1. Being without any contact (Cβ under 8 Å) to a residue 24 or more places away in the chain and either open to solvent by less than 40 Å² (accessible area, probe 1.4 Å) or in a loop (DSSP other than H, G, I, E, B) (or both) is the filter here, so list the residues in segment 142-168 that pass it.
2. List, please: which pairs have Cβ atoms under 7 Å, are six or more places apart or on different chains, and start with a residue in segment 238-253 that is within 15 Å of ASN144 (Cβ to Cβ) and among the charged types (D, E, K, R) and end with one that is open to solvent by less than 40 Å² (accessible area, probe 1.4 Å) and in a helix (DSSP H, G or I)?
3. Against the condition under 23 Å from the mean Cα position of the chain (by Cα), modelled with pLDDT of 90 or more and either of a type in the set (Phe, Trp, Tyr) or closer than 27 Å to THR290 by Cβ (or both), how does PHE151 come out, does it pass?
4. Given the options SER33, SER37, SER20, name the one that is among the hydroxyl-bearing types (Ser, Thr, Tyr), closer than 25 Å to ILE266 by Cβ and at pLDDT 85 or above.
5. Could you go through segment 197-211 and let me know if any residue there is of a type in the set (S, T, N, Q) and either surrounded by 16 or more Cβ atoms within 10 Å (Cβ to Cβ) or closer than 30 Å to PRO96 by Cβ (or both).
6. Among the residues of segment 81-91 satisfying the criterion of being surrounded by 14 or more Cβ atoms within 10 Å (Cβ to Cβ) and modelled with pLDDT of 90 or more, which is farthest from the chain's Cα centre (by Cα)?
7. Only one of (1) without any contact (Cβ under 8 Å) to a residue 24 or more places away in the chain; (2) of a type in the set (D, E, K, R); (3) not in a loop (DSSP other than H, G, I, E, B) fails for ARG59. Which number is that?
8. Quick one: which of PHE51, PHE69 is buried (at least 16 other Cβ atoms within 10 Å of the Cβ), free of Cβ contacts under 8 Å to residues at least 40 places away in the same chain and closer than 28 Å to THR290 by Cβ?
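The values are calculated or read from the model by the stated rules, or taken from the named source; none is laboratory data. All figures in this text were calculated on a predicted structure; none of them were measured in a lab. Virtual Cβ from ideal backbone geometry, glycine too; neighbours counted across all protein chains shown. Quick note on the areas: whole protein, heavy atoms, side chains included, nothing else; ligands and nucleic acids left out. Shrake-Rupley method; radii C 1.70, N 1.55, O 1.52, S 1.80 Å.
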Amino acid sequence: MLRLILTRLALFVPTLLAASIILFIAINVVPGSAARSALGVDATPQAIMRFEALNGLDRPLIVQYSDWFIKAMQGDFGKSFQNRVAVGPEILKRLPVTLELALLAFLIANVIALPLGAIAAFRHRKILDVIITTFATILGAVPNFWLATLFVLLFALIWPILPAGGFTPLLSDPKANLIQMILPAFSLGLVSSSLLLRIMRTTMLEVLNSAYIKTAHAKGASERVVLIRHALRNALIPFFTVGAVEFGFLFGGVVVIEDIFRLPGIGSLVLVGIINRDYPVLLGSALVITIVVLAANMIVDTIAMILDPRQIHAGER
């Protein structure tokens, strides 16, 4: 197992390098001028040239990328074009907000998807299965920003039982923090649960139809033992793998939700960077999101190996 973990750690750096190149190119090829966004539409050509020279934007892209990536790996993401504030400390300050939102949404999605997916598989082609799969299909078709807007309308305006926005740090006031995070977390988690529910149902069906499950039934094992000790454990392996990808989507997809609920996370910082064409803010935020997603995938791969020792033996051969 140690060798496989070290192999994945070794792959982390080239994967991050490839992702950073794609991010840098994608952000720089989008039409628009960072200098004009920072200086305003009335900026003179001379002012734009001075701005680009000051921020190194007049150099070839390969030189700009090399300089940015080397500094980024040392924790220096540069300064914002708009207010000259260091990007690194700003991201570090906002990271816990986005992590908390993504983790809460992921927890909600799993609490919904795991039991409902297992029940749907166990009651395959029965009325309960139809109800659950229909519920998942409807949730999957609903945009999370629309659901967030609906939640604000219902639970903050029509029935004012929850706040429509704002943020209190978890360590300052845990109760106030969790109350403020209910609506944004459910907005993300409910929609995310639709995919995880369908994955859980599919993997559980495959496991329930396997030979060793039939053997367990033939030996007289109870339904509870078969489901929990045999079926559920093996169904969780592909579920965790897809869950890691879904967590990446959750973490990277908080931009609009954070803006709706006025949460000071990385998502709202990305939105400001997009509007202002603020390259250091965009690149730094996107790179941190990429690192978190890659780390989540690596952790889930390790958990999957622990749950399924066959992967360890296959990887060592």
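1. TRP159, PRO160, ILE161, LEU162, PRO163, THR168
2. From segment 238-253, the pairs are GLU246/SER192; GLU246/LEU196.
3. yes
4. So the residue among SER33, SER37, SER20 that is among the hydroxyl-bearing types (Ser, Thr, Tyr), closer than 25 Å to ILE266 by Cβ and at pLDDT 85 or above is SER20.
5. There is at least one residue in segment 197-211 that is of a type in the set (S, T, N, Q) and either surrounded by 16 or more Cβ atoms within 10 Å (Cβ to Cβ) or closer than 30 Å to PRO96 by Cβ (or both).
6. ALA86
7. (3)
8. Only one candidate passes the filter, namely PHE51.
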